[in-house]
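First the structure, in the form of structure tokens, and then the observations on it.
Where a number appears in this text, it was derived from the coordinates with a stated rule and is not lab data. Just so it is clear, the structure is predicted and the values come from calculations on it, not from any experiment. No Cβ is skipped: glycine too gets one built from the backbone with ideal geometry, and neighbour counts run over all protein chains shown.
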Amino acid sequence: MDGHDNHMHTLPGEPAAMMELVRLKGVHKVYGRGVGVHALHDIHLQVSTGEIVAVCGPSGSGKTSLLNLAGMIDSATEGSIVIAKLLLSQLTEQARADLRGEMIGHVFQSFTLVPVMTALENVMLPLLLRRRLDEPSLQAAQARAADLLAQVGMATQARLYPERLDSSQCQRVAVARALMTQPRLVVADEPTSRLDSGAARLVMDLFARHQLEHGTAFLISTRDQRQLSRVTRTLQLMEGRLGTPAELLRKPLRVLS
Ligand code: ADP
Ligand code: MG
């Protein structure tokens, strides 16, 4: 795959209409009561099938907060979040959990690997949580997990437990795990932060392959310029406000009170 300008073309095998997967409208996030920490201000964001959207911003700008909302890990203080055309505030807790498990793969900033499971078992976990697998499906799942690990350069570490892995290796297990169920949307919080250039390229190539072959959408936060060649849209987050880099330059930000 040459990958130089794939964002310039329609994607092969892509459904004719891009489908909206996530829409945030007028979203605010305030942590704590009273004055609290106003982490996100009036966020408008839409992510559709086949997009790789990068949210760039310095530490503390609100990247994790934003990804936790779009990834259904946390709920907004104000504003609306629509996932696959469903307004989250109208769903029950159970319906939200089902939707999250079905639609979204997560790469958390802290990886959240399960210490008593091998790398391979960690990668298989999202599928095991979703349904009981019969023996042939279990074999197929193992093969898929092994293949995903191989694609991030972890073929020989598949049987190791997380305590035997360094942070680069743990991060790559977390990346492989996020793709295990073939989710329509992957929400990845600084997914290359612990990777050297070679491993970062493997991860971004893997994302790009899923985008091209399956129309998978990615919402990625990053402080890493290396991965931007694969990205179809870049947004800048500054002090909890989101825009294109040009917009944020034109409109000087109000100082937060
Ligand atoms: P980033 O991922 O870009 O570093 P975060 O979303 O983690 O940004 O944080 C944005 C702001 O919200 C920061 O000021 C941070 O201290 C604050 N914050 C994040 N999570 C919490 C929390 N659980 N409770 C209180 N403040 C938080
Ligand atoms: Mg963060």
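Build a GNM of the chain with springs between Cα atoms under 10 Å apart, and of Val175, Val187, Val116 the one that fluctuates most is Val116.
Cα centroids of the range 83-101 and the range 112-156: 26 Å apart. Debye-formula intensities of the range 137-203, expressed as log10 I(q)/I(0) at q = 0.17, 0.20 Å⁻¹, are -0.59, -0.81 (one equal scatterer per alpha-carbon, no solvent). Quick one: which residues, 5 or more positions from Leu91 or on another chain, have an amide H under 5 Å from its amide H? H modelled 1.01 Å from N in the peptide plane, none for Pro or chain starts. Excluding prolines and chain starts, which carry no amide H, there are no hits.
Which FRET efficiency, nearest 0.05, do Ser229 and Ala143 yield, Cβ-Cβ r, R0 25 Å? Mind showing how you got there, number by number?
Working: r = 30 Å, r/R0 = 1.22.
FRET efficiency, Ser229 to Ala143: 0.25.
Normalising the average separation of contacting C-alpha pairs (under 8 angstrom, six or more residues apart) by the number of residues puts the relative contact order of the chain at 29 percent. Of the residues Glu78, Glu93, Glu102, the one that moves most in a GNM of the chain with alpha-carbon contacts below 10 Å is Glu93. Taking every DSSP helix (H) stretch of at least 4 residues in the chain, weighting each as -39,500 (n - 2.57) and dividing the sum by the residue count yields a mean residue ellipticity at 222 nm of -10500 deg cm²/dmol. With only Cα atoms counted, the chain has Rg and Dmax values of 18.2, 59 Å. A simple rule links phi to the HN-Hα coupling: the Karplus curve 6.51 cos²θ - 1.76 cosθ + 1.60 with θ = phi - 60°, which for the range 56-67 gives 9, x, x, 4, x, 7, x, 4, 5, 4, 5, 5 Hz, with x for Gly and Pro. Taking Thr192, Thr92, Thr234 as the candidate residues, the one with maximal mean-square fluctuation in a Gaussian network model of the chain, Cα springs under 10 Å, is Thr92. A simple rule links phi to the HN-Hα coupling: the Karplus curve 6.51 cos²θ - 1.76 cosθ + 1.60 with θ = phi - 60°, which for the range 182-198 gives 6, x, 6, 10, 10, 10, 10, 8, 6, x, 10, 4, 9, 9, 6, 4, x Hz, with x for Gly and Pro. Exposed loop sites, defined as trypsin sites (Lys or Arg not before Pro) outside DSSP H, G, I, E and B with at most 14 other Cβ atoms within 10 Å, are absent from the longest region of the chain, namely 160-222. Farthest towards the positive end of the charge dipole of the range 20-250, among the residues Gly71, Leu127, Pro58, is the Cα of Pro58, using unit charges on the Cβ of Lys, Arg, Asp and Glu.
Please report, in cubic angstrom per residue, the volume enclosed by the convex hull of the alpha-carbon atoms of the range 46-117. Provide the component values of the computation, followed by the final result.
On the way: hull volume 10.0 nm³, N = 72.
Here the figure is 138 Å³ per residue.
Segment Glu102..Val116, full-extension length gain: 2.6 nm, with 0.36 nm per residue of separation and the alpha-carbon distance subtracted.
Roughly what % antiparallel, to the nearest 5, for the DSSP beta bridges in the range 20-250? Write down the numbers at each step before the final one.
On the way: 18 of 36 bridges.
Rounded to the nearest five, the antiparallel share is 50 percent.
Within the shell of other residues whose beta carbon sits under 12 angstrom from the beta carbon of Gln142, the net charge comes to -1, with Lys and Arg scored +1 and Asp and Glu -1.
Given +1 on the Cβ of Lys and Arg, -1 on the Cβ of Asp and Glu, and no further charges, what dipole in debye does the range 119-182 carry about its Cα centre, rounded to the nearest 20?
Its charge dipole is roughly 140 debye.
Near the amide H of Gly79, within less than 5 Å, lie the amide hydrogens of His28, all on another chain or at least 5 residues away, with H placed in the peptide plane. With θ taken as phi - 60° and the Karplus curve 6.51 cos²θ - 1.76 cosθ + 1.60 applied, the whole-hertz 3J(HN,Hα) list for the range 230-246 is 8, 8, 8, 8, 10, 10, 10, 10, 9, 6, x, 10, 10, x, 6, x, 5 Hz, x standing for glycine and proline. For Val186, the residues 5 or more places off, or on other chains, whose built amide H falls under 5 Å of its own are Gly105, Ala217, Phe218, Leu219. Projected label points at Glu247 and Ser167, each 7 Å from Cα along the beta carbon direction, are separated by 3.2 nanometres.
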